Amino acid sequence: FFPFGGGDLRGVGLIGVREEGYFYRVGPSYFDAFTRLGELVLLLRRQSLRDPLTALPNRALFLDRLEAARNQSLRRERMLGVAIIDLDGFKQVNDRLGHSAGDQLLQEIVRRLQSMLRSGDTLARLGGDEFGLLLPDLSSLDDFQVVCERLLASIREPIEVHGDVVSVSGSIGFTVYPLDDNDIETLIRHADLALYAAKEAGRDQFYMHTLELDNALLADLGTIALVERALQEDRLVLHYQPIVSSTSTKVCGVEALLRLQHPEKGLLAPAAFFSALDHPRLARPIGRFVLETALRQGEIWQQEGIALRISVNISARHLLNAHFLEDLQEALARHPGLPPESIEVEITESASLYNISEAQVVLSSCHSLGVQIGLDDFGTGNASLIYLQQLPANSVKIDQSFVRNMISDPKDLAIVTA
């Protein structure tokens, strides 16, 4: 007995019984329940494997398809591209315009990405603004790179969201099987590592996993562990470099420079542990240490009648942390004998200040507290003039590559003069 109704046929169930006339005696209602149950099972299965916002495969289904595509790639002797895509600037849109705007942005990005892919490709939402991508049947690496370039171009096109025009960019990390001959968990980890490298290189680009990236990761992990131990064991120290006035030749301030006291190698300069300074787990603790130590020393000098401006370097990640202003205010409150105007927060122009509008708000709040703003290493980054135009800097520290030869090189002198 098949109770066909007016709706779409989703499947067919076959039930057999030994008792003659059973179906007529029971009637169709009993079997309608089986139909509804089957539809419910299909619905629940779909929900468990699909992202409810975008209807894309979720992480579980993505991993399942990755395993199948990996096996097929071996049989067909073709390459399989495995990528992770992350949106740059999505959080700021979400925070500024609200979650519904963020949802609309994600849906539009998904629509654009899907329009660039073939029917056999898989785009999945792995969580938040992170997506997974499978490109089977590749004949060369160039195929994958062309696709990456097109995907990034489609992401960076402006999008109208709730009446506002917003722009985000994307970063892509990828690996290619069987050139990267590993299991699916390792392939995902390698694509994720390449994504991290793309973001560290400035975002809005793609990176392929290589053995060099693995080695760099191991080195970074060792550096991070070194700095974490130094924080715990109170082996981070500040040295103070004098800032001398060119007109009076007097010391008018100092710059606080971070050093690490290594138990075996002695005093290490920041170049030895630079990769850890802007790490998500360490940027704020290091920044808090620098603020507290520098302000404490400044207050001591102030009490001794030595009035100096103290410049402290703050990483972009700490500056854009939601708690930065709170950290700064607490440090100032603990040292009331030090005037706020004698503190200068230096931000490195070559740092990845990927949200300049948020940086403007934070730095303006620093001004409201009386704290000065300095722009360090000016001229080395990709957005020098934009930074100079939009960030409320009280002083600019021109990079030494321009200053070193300005006496003998007219071009350098012209740049410094300007």
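The values are calculated or read from the model by the stated rules, or taken from the named source; none is laboratory data. A quick note: this is a predicted structure, and the numbers were derived from the prediction, not measured. Positions of Cβ are backbone-derived with ideal geometry, glycine not excepted, and every protein chain shown enters the neighbour counts. What goes into the accessible areas is simple: the full protein's heavy atoms, side chains included, and nothing from ligands, DNA or RNA. Shrake-Rupley method; radii C 1.70, N 1.55, O 1.52, S 1.80 Å.
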- Per residue, how much accessible area does the chain have with a 1.4 Å probe, in Å²? 55 Å²
- Counting only DSSP beta bridges with both partners in the chain, the antiparallel fraction in percent, to the nearest 5, comes to 65 percent
- Task: Take the chain, connect every pair of alpha-carbon atoms lying under 10 Å apart with a spring to form a Gaussian network, then pick out the residue of 366, 148, 252 with the largest mean-square fluctuation.
- Result: 252
- Query: By its C-alpha gyration tensor, with a ≥ b ≥ c as the square roots of the eigenvalues, how is the range 89-229 shaped: rounded for a/c under 1.5, else prolate for a/b larger than b/c, else oblate?
  - Reply: oblate
- Item | Rounded to whole Hz, the Karplus (6.51, -1.76, 1.60) HN-Hα couplings of the range 138-146, x for glycine and proline | 7, 9, 7, 5, 4, 4, 5, 5, 5
- Item | Long-range lysine pairs (8 or more apart or interchain), the chain, Cα under 27 Å | 4
- In the chain, carbon and sulfur make up what percent of the accessible area (probe 1.4 Å)? 53 percent
- Message: Quick check: from the Cα gyration tensor, does the range 109-177 come out rounded (a/c under 1.5), prolate or oblate?
- Response: prolate
- Per the charge dipole of the chain (beta-carbon charges, Lys/Arg positive, Asp/Glu negative, Cα centre), the residue among 136, 74, 52 reaching farthest to the positive end is 52
- Listed residues 306, 343, 407; largest mean-square fluctuation, Gaussian network over the chain with Cα springs below 10 Å, found at 407
- Message: Report the gain in length on full extension from residue 267 to residue 357: 0.36 nm times residue separation, minus Cα-Cα distance, nm rounded to one decimal.
- Response: 28.7 nm
- Query: Hey, what number do you get for the chain at 222 nm if only DSSP H runs of n ≥ 4 count, each worth -39500 (n - 2.57), divided across all residues, to the nearest 500?
  - Reply: -14500 deg cm²/dmol
- Query: Given a 1.4 Å probe and the protein chains all in place, what does the accessible area of residue 387 round to, in Å² to the nearest 10?
  - Reply: 20 Å²
- Taking a ≥ b ≥ c as the square roots of the Cα gyration tensor eigenvalues, with a/c under 1.5 meaning rounded and otherwise prolate when a/b beats b/c or oblate if not, the range 172-329 comes out prolate
- Would you mind checking which residues have amide H under 5 Å from residue 169's amide H? H placed 1.01 Å from N; only 5 or more apart, or other chain. 88
- The ³J(HN,Hα) series, computed from each phi in the range 77-87 with the Karplus coefficients 6.51, -1.76 and 1.60 at θ = phi - 60°, rounded to the nearest Hz and given as x for glycine or proline, is 6, 10, 8, 10, x, 10, 9, 10, 10, 10, 8
